[in-house]
1. Calculate one ³J(HN,Hα) per residue across the range 82-98 by plugging θ = phi - 60° into the Karplus curve 6.51 cos²θ - 1.76 cosθ + 1.60, and present them in order as whole Hz with x for glycine and proline.
2. With the crude spin-label approximation of a point 7 Å out along Cα→Cβ, what separation in nm comes out for TRP157 versus ASN46?
3. What whole number of Å gives the distance from the Cα centroid of the range 159-184 to the Cα centroid of the range 32-64?
4. Please work out the Cα convex hull volume for the range 1-112 and give it in Å³ per residue.
5. Once phi is turned into ³J(HN,Hα) by the Karplus curve 6.51 cos²θ - 1.76 cosθ + 1.60 with θ = phi - 60°, what whole-Hz value does each residue of the range 221-228 show in order, with x for glycine and proline?
6. For the chain, just say rounded, prolate or oblate: build the C-alpha gyration tensor, square-root its eigenvalues into a ≥ b ≥ c, call rounded for a/c under 1.5, and beyond that prolate if a/b exceeds b/c, oblate if not.
7. Of all trypsin sites (Lys or Arg not before Pro) in the range 1-104, which ones are in loop regions per DSSP and have a Cβ with at most 11 other Cβ atoms within 10 Å?
8. Per-residue ellipticity at 222 nm for the chain, helices alone: DSSP H runs ≥ 4 residues times -39500 (n - 2.57), over residue total, nearest 500 deg cm²/dmol?
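A short reminder: the numbers here are calculations on the coordinates, not readings from a lab. Fair warning: this is a prediction, and the values are worked out from it, not measured in the lab. Reconstructed Cβ throughout: ideal geometry from the backbone, glycine too, with neighbour counts over all protein chains shown.
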Amino acid sequence: MRYTAIVLAAGKGKRMNSRVSKQFLELNGKPVLYYALAAFEKSAVNDIILVTQENDIEYCRKEIVEKYGFRKISRITAGGKERYDSVWKGLQAAGQSDYILIHDGARAFIDQETIARCMQDVVKSRACVAAVPVKDTIKAADSNLLGVETPDRSRLWTIQTPQVFEQPLIYEAYRKMTLEQESGTAPMVTDDTMVAEHYMGIHSHMVMGSYYNIKVTTPEDLILGQAILDHAAPDHTVPNKK
Ligand code: CTP
Ligand code: MG
């Protein structure tokens, strides 16, 4: 069985409001992106496709891949305008594989157990996603900000990455979406499970993720991230600890 991870790092990180793109900000002296790559390097995946902005390809090659001696990164490829454009570029850059794991490079604290659970689950489920039960009550509000619906919390999950699929399934889903976009009718999608649902009618199985698997998005996430490195230390970060 062959597994390919696509690690997405072609975003601009607008919500972080920093001069350097958030995936290159440093935590314990290493770029945020290093941690997700190190996790997949250490995992059982066969290879990794790194998707980054065209301008950052050389930086990634020299300052991350070569500097830290990553061996599983088979391609570094340029991303696109939206996350789904970058995923499509990554899918096209991937060689023949059985399963594709799509991961946000900004989710630096992904652990080996979650990756392994997803890799195992997809063999049966065909499509699965790391997720955690929501802790808060979630409301849907109307245009006047009146809470109009309170979905049953026991059924709600916060979706993380990796999102993992049979390769032909996810490739076909994105290909269909790209065709539809060209005719200007594509729906708004925020993640890969939505693409699989909408274009292939495949529902993704929830796999238990981790509350540490946060997406570094806004400045306060750097504080949380530092705390995770200091106190929770996902396995791949242990060697970096002083
Ligand atoms: N991403 C990408 N290509 C894009 C947009 C996002 O590869 N065109 C990646 C980001 O680098 C990130 C992941 O997808 O690792 C999740 O996206 P998000 O957290 O939204 O990152 P950004 O889009 O960079 O941040 P923002 O939305 O605040 O601008
Ligand atoms: Mg974004």
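1. Couplings: 9, 3, 5, 5, 5, 4, 4, 4, x, 5, 6, 7, 6, x, 4, 8, 8 Hz.
2. According to this spin-label approximation, the distance is 2.6 nm.
3. 22 Å
4. 96 Å³
5. 5, 5, 5, 4, x, 4, 5, 5
6. rounded
7. LYS12, ARG19, ARG71, LYS81
8. -9000 deg cm²/dmol
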